[in-house]
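Trainee: So that we are looking at the same thing, I have put the structure below in structure tokens.
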Amino acid sequence: MSVFRSGLLLLPLILWGCGDNPPETAPAQPAEIRGVVPEAGDDPVRPDIAPGTVHAIEEAPGLASLAADTARGWTGPGGHPFEVTLRTPGRRGHLSNRIGMETFDLTARVTNRTLTQYPCTSCHEGLVDMADRVADAHRNIQPVHPARTGATCATCHLPDSVQYLRLTDGQAVSMDHAYQLCAECHQGETRSWAAGVHGKRVEGWHGRRVIMNCADCHDPHRPALESRIPYPGPVLPGPGGGPP
Amino acid sequence: MKPGRELTFDDMLEYVGREATRPPEDEPPLPMGPYPEGGGDAPPTDGGCGSGSCGCRTPDPSLLDKKMDRRGALSMLFGAAAVGSQALSACSPTSLASAEEREAKLLEWEEYFKGNCRLMSEEDRERTIERLERLAKLKDGVDVRIDGTQAHPEVVYGYAFNISKCKGYRNCVEACIQENNLDRATSAQYIRIFEMDGGTSMDDLDHGDASYHHEVPAEGAFYIGTQCFQCANPPCVEVCPVGATWQEPDGITVVDYDWCIGCRYCMAACPYWARRFNWGEPEVPARELNPNQHYLGNRARKSGVVEKCTFCIQRSRKGKLPACAEACPTGARVFGNLLDPDSEIRWVLENKQVFRLKEDLHTEPRFWYFLD
């Protein structure tokens, strides 16, 4: 199943055979994350369409309120930069029933489910001893992904600054830019993701290109999409679904 | 025709006959019949019979001397007759017809005589949209916004479907029903998701099951979705005897619901089962109605007309994704502008192995399938 191939390499916060070696190099201080407010007429994808002309296509209204940041180290089709959605707790899920409405919000199915305890600093201060099994606070995490890969918490999380993720070179990365961590193993998927084939572009096909983060669809600790009962299908005459 | 006299059927015949011999004019058609101004919140007529403002009065006969086409003349004459009869009943003390009902009747008359969408002037199109919005308010009590956005000259829409991503959840179907105001009574659906056994040829939909209902994804199965493919060479358009369906410059094949006669030739001609017929008036609960509509898209359909997927024309022409692509939780759907070399859909066509259904028919669908 492709879901297993497309799994991500974010590892659990609970202790799972925890490594006891903190990164040797001091982590670089991650840049401050800010939402990008679009400027009127700023269209990096189609600069040839002048804003305000009769034929200009309107930008999707939801984008203005959507927190996003430019993806670092990745470009989309044509070498254009693109933006990734940031975690915005409290937003409605993208399977909302108000799918056709102008006030449609989306982002981060995972946010409301597994990042309810974010920010980590509300409990953790300073160095977190990952050898100490304190999994009670993170019982909602199912460590399927680390179990399959043999990773530990400290493979992906910084013990002295659990707010951040840790790349293999010890560099700290914000959870909003988790794709940088995922890309270290899942290079093919990330390349497809940057090109727009894996994952989802949000709001519109035109204008600002904002795509969803890896962890917006995949639970990093249990990346496979779940099986469930589908929405009811059509009532069709005859077996096999003949003509309507 | 003398002013101040009641219109008779002979008057109409005389007028229509005179109009028919008149050489064609280049001028745009005149406004059709009396029309309430300012959104029509005030009833078209008020005051009692004989007060001069009562609807029983015939319209200003000088209108009849102006040049207009046959359709406009018919509309005005029959519209006047309709108003007259309605107003007569309104004047009688036993009448229950409210001002709203009279206004709705009048608007329906004017709607009945409007032309094909492609032949309308800009002004005509605005007026019919106004009428439809007002009618929705009067008859169903809903505030809808009907959009008339034209095709963008630099855009041709294309769609790609990733077979290896689709899990068969049918979130696209649900979103489509809500977005396009599909009939809830008959469970109309534009999108079909076929469950195929592993090892089946991917384009052999005859062996697929579109009405599966069990937990998905099923072991060993894969899923492939169909809808209208917006063919570049659409057979459905070829066979329409009245020109009620056509391909827009941006590649979307649309239906003029007010021009369709319901012969269903297009349904027989479509090799992809993409069109749906309204056997009755579509039923949509008012609280679930999507008020953001397009004249050629998800506005209210009537009984006896054909409808189809339009790539959510009311959304895509405003730069948004179709509802199915937006709702897909697996990212199996890629939508974009085929004329933009930097678009995602072009990346798929250039970097993935793609195929289309029934390519030997030369319908040239703008809907491609691919695998990871």
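Residues are listed down the side, and each one gets a yes or a no for (1) farther than 30 Å from A:D219 by Cα; (2) open to solvent by less than 10 Å² (accessible area, probe 1.4 Å); (3) not small (G, A, S):
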residue	(1), (2), (3)
B:M267	yes, no, yes
B:N290	yes, yes, yes
B:Y295	yes, yes, yes
B:T310	yes, yes, yes
B:E326	no, yes, yes
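Trainee: A:D219 passes all but one of (1) within 14 Å of chain B (Cβ to nearest Cβ); (2) open to solvent by less than 30 Å² (accessible area, probe 1.4 Å); (3) at pLDDT 85 or above; which number fails?
Mentor: All conditions pass for A:D219, except number (3).
Trainee: Just the residues that are more than 14 Å from chain A (Cβ to nearest Cβ), open to solvent by less than 40 Å² (accessible area, probe 1.4 Å) and not in a strand (DSSP E or B), please, taken from segment B:357-372.
Mentor: B:L357, B:T363, B:P365
Trainee: So which of B:A232, B:A210, B:A269 ends up being closer than 29 Å to B:C328 by Cα, free of Cβ contacts under 8 Å to residues at least 40 places away in the same chain, touching a Pro at 6+ places or on another chain (Cβ under 8 Å) and of a type in the set (A, V, I, L, M, F, W, C)?
Mentor: Within the list B:A232, B:A210, B:A269, the selection yields B:A210.
Trainee: If you check B:A188 against the conditions, is it within 7 Å of chain A (Cβ to nearest Cβ), closer than 29 Å to B:S303 by Cβ and under 29 Å from the mean Cα position of the chain (by Cα)?
Mentor: So B:A188 does not fit the description; no.
Trainee: Hey, another quick one. Going residue by residue through segment B:181-197, is there one that turns out to be more than 18 Å from A:G233 (Cβ to Cβ) and surrounded by 15 or more Cβ atoms within 10 Å (Cβ to Cβ)? If you could, list the steps in order and put the result at the bottom.
Mentor: Kept after step one, since they are more than 18 Å from A:G233 (Cβ to Cβ), are these residues of segment B:181-197: B:181.
Add one more test, that the residue is surrounded by 15 or more Cβ atoms within 10 Å (Cβ to Cβ), and what stays is B:181.
Within segment B:181-197 (the criterion being more than 18 Å from A:G233 (Cβ to Cβ) and surrounded by 15 or more Cβ atoms within 10 Å (Cβ to Cβ)), the answer is yes, since at least one residue qualifies.
Trainee: Further, regarding this structure: Within the bounds of segment B:196-207, is there any residue that is among the β-branched types (V, I, T), modelled with pLDDT of 95 or more and in contact with a helix residue (DSSP H, G or I) (Cβ under 7 Å, 6 or more places away or on another chain)?
Mentor: Checked against the condition, which is being among the β-branched types (V, I, T), modelled with pLDDT of 95 or more and in contact with a helix residue (DSSP H, G or I) (Cβ under 7 Å, 6 or more places away or on another chain), segment B:196-207 yields no hits at all.
Trainee: Working carefully through the options B:E126, B:E154, find the one that is of a type outside the set (S, T, Y), surrounded by fewer than 19 Cβ atoms within 10 Å (Cβ to Cβ) and in contact with a Lys or Arg (Cβ under 9 Å, 6 or more places away or on another chain). Steps first, please.
Mentor: On the way: B:E126 fails: in contact with a Lys or Arg (Cβ under 9 Å, 6 or more places away or on another chain).
The match here is B:E154.
Trainee: Give segment A:194-209 a look and list any residue that's more than 7 Å from chain B (Cβ to nearest Cβ) and touching a Ser or Thr at 6+ places or on another chain (Cβ under 9 Å), or say none.
Mentor: The answer is A:A194, A:V202.
Trainee: Which condition does A:V162 not pass, out of (1) facing chain B (nearest Cβ under 10 Å); (2) not in a helix (DSSP H, G or I), if it passes all the others?
Mentor: (1)
Trainee: Something else now. Which of (1) surrounded by fewer than 21 Cβ atoms within 10 Å (Cβ to Cβ); (2) touching a helix residue (DSSP H, G or I) at 6+ places or on another chain (Cβ under 6 Å); (3) facing chain A (nearest Cβ under 9 Å) does B:G148 not meet, given it meets every other one?
Mentor: Failed condition: (3).
Trainee: Could you grab the pairs with beta carbons closer than 6 Å, sequence gap of 6+ or different chains, first residue in segment B:358-369 and modelled with pLDDT of 95 or more, second one among the hydroxyl-bearing types (S, T, Y)?
Mentor: Short answer, once both residue conditions are applied: B:F367/B:Y159.
Trainee: Can you name the residue in segment A:187-216 that is of a type outside the set (A, V, I, L, M, F, W, C) and part of a strand (DSSP E or B) and, of all such residues, is surrounded by the fewest Cβ atoms within 10 Å (Cβ to Cβ)?
Mentor: Top of the filtered list is A:R201.
Trainee: Considering only residues that are within 17 Å of the chain's Cα centre (by Cα) and aliphatic (A, V, I, L, M), which ones fall in segment B:148-184?
Mentor: B:A151, B:I177, B:L182
Trainee: Under the condition of being open to solvent by 10 Å² or more (accessible area, probe 1.4 Å) and assigned to a loop (DSSP other than H, G, I, E, B), which residue from segment B:330-348 is nearest to the other protein chains (Cβ to nearest Cβ)?
Mentor: This residue is B:D342.
Trainee: Against the condition within 14 Å of chain B (Cβ to nearest Cβ), surrounded by fewer than 24 Cβ atoms within 10 Å (Cβ to Cβ), part of a helix (DSSP H, G or I) and in contact with a Gly (Cβ under 6 Å, 6 or more places away or on another chain), how does A:A154 come out, does it pass?
Mentor: So A:A154 does not fit the description; no.
Trainee: Is there a residue being more than 11 Å from every other protein chain (Cβ to nearest Cβ) and within 21 Å of B:R366 (Cα to Cα) anywhere in segment B:207-223?
Mentor: There is no residue in segment B:207-223 that is more than 11 Å from every other protein chain (Cβ to nearest Cβ) and within 21 Å of B:R366 (Cα to Cα).
The values are calculated or read from the model by the stated rules, or taken from the named source; none is laboratory data. Given the structure is predicted, the values throughout are model-derived calculations rather than measurements. Positions of Cβ are generated from backbone atoms using ideal geometry, with glycine treated the same way; all protein chains shown enter the neighbour counts. With ligands, DNA and RNA removed, areas are computed over all heavy atoms of the protein, side chains included. Shrake-Rupley method; radii C 1.70, N 1.55, O 1.52, S 1.80 Å.
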